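The values are calculated or read from the model by the stated rules, or taken from the named source; none is laboratory data. Note that the structure is a prediction, hence the values are computed from the model and not measured. A quick note on method: Cβ atoms are made from the backbone with ideal geometry, for glycine too, and the neighbour counts reach across all protein chains shown.
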């Protein structure tokens, strides 16, 4: 926002109406018209506008509010800086878009911020050549496009990362342990759901086949299954294991699971049932 010596030293209103250099640089007159105080006023106005427009909860953290105000001021300065390298400018916009997602800020905040900035800057350009309105409008549109694309990409990335983490946790919650040659232990801990059952089925059948397992110990002492459909699914998984040539041993069945298995008419022919892992050696 610095003013070059001897260039367009007239009052702001006159400089906005026609600076000789405006034809060469459409942002020149606006850059020169806005001093640091004016930039700060507009930047602070964005925050105040958002707070009065239903986003007061977003700024309950005073440290975040101060950071947001400073960020808006820096953004406005770079927005009007026509000398900023395009690559640096684009990277900064991508960073802004990502930061909004990481902070959990709604896209509405971005849109409302741009709307406020656009109105304020267009008001300051009143009486200026149409070319300046066009140049500023194009810069704002390009700027918003970069930020929104970065925002959306970051949302997708975090969603995929979250799904991957969830799958990892689910897989780790149903480990398959090779306790001895051709014997696998499957400790089922916690409450089972449809997705976890699917993961267990895929992993277990692959492990039985790849390790040529002859025995699979299904350990249920830490398991909660309240759904008869899931109980049937687990029983079907055990039948599938049998078809691959491995004997299934049910270990530590709890009373609630026993009642559910009886209610669904589970056929234990071919299966072995023991109270604890120690009994599997008998």
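Say we look at the range 224-247 and pick out the residues that are touching a strand residue (DSSP E or B) at 6+ places or on another chain (Cβ under 7 Å) and not in a helix (DSSP H, G or I); which of these is nearest to residue 269 (Cα to Cα)? Per the stated criteria, the residue is 247.
Checked against (1) touching a residue at least 60 places away in the same chain (Cβ under 8 Å); (2) in a helix (DSSP H, G or I); (3) surrounded by fewer than 17 Cβ atoms within 10 Å (Cβ to Cβ), residue 127 meets all criteria but (2). Here is a check on your reading of the model: is residue 74 touching a helix residue (DSSP H, G or I) at 6+ places or on another chain (Cβ under 6 Å) and under 26 Å from residue 36 (Cβ atoms)? The answer is no for residue 74. Taken over the range 257-273, the residue count meeting the criterion of being touching a residue at least 24 places away in the same chain (Cβ under 8 Å), under 23 Å from residue 191 (Cβ atoms) and not in a loop (DSSP other than H, G, I, E, B) is 5.
Residue-wise test of (1) modelled with pLDDT of 85 or more; (2) within 25 Å of residue 154 (Cα to Cα); (3) in contact with a strand residue (DSSP E or B) (Cβ under 9 Å, 6 or more places away or on another chain).
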{"position": "6", "(1), (2), (3)": "no, no, no"}
{"position": "23", "(1), (2), (3)": "no, no, no"}
{"position": "38", "(1), (2), (3)": "no, no, no"}
{"position": "49", "(1), (2), (3)": "yes, no, no"}
{"position": "64", "(1), (2), (3)": "yes, yes, no"}
{"position": "69", "(1), (2), (3)": "yes, yes, no"}
{"position": "88", "(1), (2), (3)": "no, yes, no"}
{"position": "92", "(1), (2), (3)": "no, yes, no"}
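Scoring residue 221 on the criteria (1) part of a helix (DSSP H, G or I); (2) surrounded by fewer than 19 Cβ atoms within 10 Å (Cβ to Cβ) leaves a single failure, condition (1). Residue-level check: of (1) within 18 Å of residue 279 (Cα to Cα); (2) at pLDDT 90 or above; (3) crowded, with 19+ Cβ neighbours inside 10 Å, residue 247 misses just (3).
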